[in-house]
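I have placed the structure first, in the form of structure tokens, so that the comments after it can refer back to it.
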Amino acid sequence: MLYLIRYSEIFLKSEQVRRRWINKLIRNIRRIVGDCKFRLERGRIWLITDRNVDDKLKKVFGIVSFSPCEHCKLDELEDFVLKFCKGKLESVRTFAVRVKRVGEHDFTSQDVERRLGALILKNFPHLKVDLENPEKTIYVEIRNEDCYVFDEIIKGVGGIPLGVEGKLVSLFSGGIDSPVATWLMMKRGCEVVPIYFDIRPFTSERAIERVEKVAKVLKEYDPDFDVIVKEHGNFLMKVKDILKEKRLESYTCIFCKRRMLKVAEEVAKDVGAKGIVTGDSLGQVASQTLDNLLVISQACSIPIYRPLIGFDKIEIEEIARKIGTFEYSTIPADCLAVPKRPTTKADLEKVLKIEEEFE
Ligand SMILES: Nc1ncnc2c1ncn2[C@@H]1O[C@H](COP(=O)(O)OP(=O)(O)OP(=O)(O)O)[C@@H](O)[C@H]1O
């Protein structure tokens, strides 16, 4: 099969950056699609494969849209288009022909549209032309002496090629939010290393099942998406004891999140990542207030990226459904360490003092 692949944003870049991004995009397509061949032309990538890879191409960041297409030479275009239309136009009532052209020719794109339109009308007399809202559009791209014919423009995931912006780590719980946050940063060109903090016995075995299933979905977008698991239950157990003694149980989530960030910063150093992604959304749960986020954020010295900070829950769920994580993210896996009344106004000085003792 032959695919015409369209990408965006890349053409806004300088020649050097463009070359790097296209190379990355091609490498990423190969990693996801498997064995295939490429041909490059300005603004276009042609992919040649022996099978249908529609579902795989929908998982490649940087692809805006793609079309399975068929190739012919310019001098055989008319016969070829008629053959192409067989089986496609019988059940519709209106159609249009859209032609794009690159190269030196003694005709315009509109000339070809009119000629092919008339030919189709002659061969399918039940049809009417509708340029505004056709039931079927036949597309032709003429590139010098080569023509590409297709009738589908399939939407890609968009974004920019994974990896062109470097690496991040993410606090990846497997819940609804952090996988969406992680996916959004992947979409903007970041390779993301997910870290899951295993909080057993404060959660069930299902939490592990949940994170594994959700990670498997994101692995379809990046075959190297492998979760690093960090033991966190012992820390939580100790911190809960200390906080109970000090009657500061309401601070549990603050200490928990600060510790996660500190560990994530160490992992980031090890893997060469330049920041940490989290799924925080302002005001969503009691711990996600501006006061708390201020105190939590000061646990590490590298940037924290919170792409969902201004999103509503409904908007986040919509993305989770679209990318395929929602079904698994909703596997119940509550954290039993969360206090009855978590603080909404954490005090940094208090936190630092207790952390010092704790160390
Ligand atoms: N067990 C965990 N492992 C890794 N990261 C975690 C874990 N628990 C929480 N986080 C990180 O902390 C953020 C805030 O967590 P919190 O539990 O307050 O919110 P949440 O709405 O339940 O988030 P999520 O839906 O991502 O689980 C999460 O989005 C995630 O980035």
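Things to note:
- Derived scalar couplings ³J(HN,Hα) [segment 124-129; Karplus, 6.51 cos²θ - 1.76 cosθ + 1.60; whole Hz; x for Gly, Pro]: 10, x, 6, 8, 10, 7
- Scanning residues 5 or more positions from Thr94 or on other chains, those with amide H under 5 Å from its amide H are Lys128, Glu135, Lys136, with H placed 1.01 Å from N in the peptide plane.
- Considering only beta bridges that DSSP places wholly inside segment 2-155, some 75 percent are antiparallel.
- Hypothetical label at Lys58: residues of segment 148-167 whose amide nitrogen lies under 12 Å (7 Å Cα-Cβ projection): 154-157
- Simple label model, 7 Å out from Cα along Cβ direction - Arg247 to Ser204, nm: 3.6
- Among Leu168, Leu116, Leu184, residue whose mean-square fluctuation peaks in a GNM of the chain (springs only between Cα atoms under 10 Å): Leu116
- Pairwise FRET efficiency - Ile331 versus Lys13, Cβ, R0 = 51 Å, nearest 0.05: 0.80
- The amide H of Gly159, built 1.01 Å from its N in the peptide plane, has Gly62 as neighbours under 5 Å, considering only residues 5 or more places off or on other chains.
- Neighbour cut-off at most 11 other Cβ (10 Å), DSSP loop, chymotrypsin sites (Phe, Trp or Tyr not before Pro), segment 169-206: none
- Simple label model, 7 Å out from Cα along Cβ direction - Asp111 to Arg6, nm: 2.5
- DSSP-assigned coil residues among chymotrypsin sites (Phe, Trp or Tyr not before Pro) in segment 63-129, each with at most 14 further Cβ atoms within 10 Å: Phe107
- Two-site label geometry, Leu348 and Val271: point separation in nm, points 7 Å out along Cα→Cβ: 2.8
- Other residues within the sphere of radius under 14 Å centred on the Cβ of Asp111, judged by their own Cβ, net out at +2 (K and R +1, D and E -1).
- Ellipticity at 222 nm from helices only: DSSP H runs of n ≥ 4 in the chain, each -39500 (n - 2.57), divided by the residue count, give -12000 deg cm²/dmol.
- In straight-distance terms, cross-link reach from Lys313 covers every one of the aspartates and glutamates whose alpha-carbon lies under 13 Å from its own, apart from those fewer than eight places away in the same chain; here that gives Asp177, Asp280.
- Residues Asp50 and Asn123, FRET efficiency given R0 of 35 Å [Cβ-Cβ distance, rounded to 0.05]: 0.65
- Annotation: lysines with alpha-carbon distance below 17 angstrom to Lys122 (same-chain offsets under eight excluded): Lys83, Lys86, Lys88, Lys136.
- Simple point charges give the picture: +1 on the Cβ of Lys and Arg, -1 on the Cβ of Asp and Glu, and for the chain a dipole about the Cα centre of about 200 debye.
- Potential extension, Arg31-Arg188 segment - 0.36 nm per residue separation minus Cα distance: 54.7 nm
- Residue-wise HN-Hα coupling along segment 74-83, computed from phi with Karplus coefficients 6.51, -1.76, 1.60 (Hz; x: Gly, Pro): 4, 6, 10, 4, 4, 4, 5, 5, 4, 5
- Taking the convex hull of Cα positions in the chain, its mean projected area over all directions (nm²): 21.8
- Counting only residues at least eight positions apart within a chain, or on another chain, the lysines with an alpha carbon under 19 Å from that of Lys219 are Lys24, Lys56, Lys58, Lys59, Lys167, Lys187, Lys322.
- Judged by the mean number of other Cβ atoms found within 10 Å, the most tightly packed of the peptides 275-281, 149-155 leads the ranking 275-281, 149-155.
- Sequence-ordered 3J(HN,Hα) estimates for segment 344-358 from the Karplus curve with 6.51, -1.76 and 1.60 and θ = phi - 60° stand at 10, 9, 5, 10, 4, 4, 4, 4, 5, 5, 5, 4, 4, 4, 4 Hz, glycine and proline given as x.
- Rg over Rh for segment 193-305 works out to 0.97, using Cα positions for both radii and the Kirkwood form for Rh.
Readers should treat all values here as calculations from the given coordinates under stated rules, not as data from a laboratory. None of these values were measured; they are calculated from a predicted model. Don't worry about glycine lacking a Cβ; one is built from the backbone with ideal geometry, like all the others, and counts go over all protein chains shown.
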